[in-house]
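Worksheet: the structure to be examined is printed underneath.
The values are calculated or read from the model by the stated rules, or taken from the named source; none is laboratory data. Being a predicted model, the structure only gives us computed values, none of them experimental. Neighbour counts are summed over all protein chains in view; Cβ atoms, including those assigned to glycine, are modelled from backbone coordinates with ideal geometry. Heavy atoms of the whole protein, side chains included, go into the accessibility calculation; ligands, DNA and RNA do not. Shrake-Rupley method; radii C 1.70, N 1.55, O 1.52, S 1.80 Å.
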Amino acid sequence: MTRELTAATEHAGVRLDAFLSADGALTRSQAARLIAEGRVRVNGKPAAKSARLSGGETVTVDVPQLRETALPPQDIPLDVVYEDDDVIVVNKPTGLVVHPAPGHPDGTLVNALLHHCGDSLSGVGHRIDRNTSGLIIAAKNDAAHLALSAQLKDHSLSRTYECLVTGNMKQDSGTVDAPIGRHPVDRKKMAVVPDGREAV
């Protein structure tokens, strides 16, 4: 599948891999891999993942066909908050891993959704940490998946997080506005890094 995107003037200075992952259809690591494989062209020419856009470019992405996965559906109880023909919203408990990964090949939310939804599951694009609880929306068909990605991109769909903070804080309230990305040393952790994604 080929996707064609146009960089707007507000994308001037944005890294190519960050631009490709902004709408949620790709993770930043997936975007970087596609760039490294030569599947991404800017104005018809291959570019490095660290390339920065100037605005107005046409970015073409050749997304390879997904291969069938061998993920087994598993009968894991789900707290379904809402469900219709297009989406399902579940309340993920603390301790449940969202996607299969090294060390967690099964017993995940995706395995549970495969059992619950059968063939009508398009994708679970958003991840929250194993020890984080909260609502997750999953698309049950490709049209819903694309619509959710577009809503994340234009910010008509937003995500809100709550956390507990301990220690001696200088103020009772405030805003943390710092870019978040993979920790430079411990790849299992996230950290404030210069080329991270905007996070407020």
Contact list, first residue from segment 157-176 and at pLDDT 80 or above, second anywhere and loosely packed, with under 10 Cβ neighbours inside 10 Å and not polar (S, T, N, Q), beta-carbon distance below 7 Å, six or more apart or interchain, is THR175/VAL200
Among strands (runs of 3 or more DSSP E) entirely inside segment 28-104, those with 1 or more residues being in contact (Cβ under 8 Å) with a residue 60 or more places away in the chain are 58-62, 87-92
Result of the Cβ filter at 9 Å on segment 128-140, keeping first residues that are under 14 Å from LEU113 (Cα atoms) and partners that are open to solvent by 70 Å² or more (accessible area, probe 1.4 Å) and modelled with pLDDT under 85, at least 6 apart or interchain, is ILE136/ARG127; ALA139/LEU146
With (1) assigned to a helix (DSSP H, G or I); (2) free of Cβ contacts under 8 Å to residues at least 12 places away in the same chain as the list, and GLU10 as the residue in question, which single condition is left unmet?
-> (2)
Restricting attention to segment 1-55, which residues are closer than 23 Å to GLN151 by Cα, touching a Ser or Thr at 6+ places or on another chain (Cβ under 7 Å) and either of a type outside the set (A, V, I, L, M, F, W, C) or surrounded by fewer than 14 Cβ atoms within 10 Å (Cβ to Cβ) (or both)?
-> THR2, GLU4, THR6, ALA12, ARG15, SER21, ASP23, GLY24, THR27, ARG28, GLY55
Kindly indicate which of THR175, THR166 is in a loop (DSSP other than H, G, I, E, B), open to solvent by 90 Å² or more (accessible area, probe 1.4 Å), under 30 Å from ARG52 (Cβ atoms) and of a type in the set (Ser, Thr, Tyr).
-> THR175
Any chance you could count how many residues in segment 134-160 are surrounded by fewer than 15 Cβ atoms within 10 Å (Cβ to Cβ) and either part of a loop (DSSP other than H, G, I, E, B) or in contact with a Cys (Cβ under 7 Å, 6 or more places away or on another chain) (or both)?
-> 6
Scan VAL98, VAL90 and give me the residue that is over 30 Å from ALA8 (Cβ atoms), open to solvent by less than 40 Å² (accessible area, probe 1.4 Å) and at pLDDT 90 or above.
-> VAL90
So which residues in segment 178-193 are part of a loop (DSSP other than H, G, I, E, B) and at pLDDT 90 or above?
-> ALA178, PRO179, VAL193
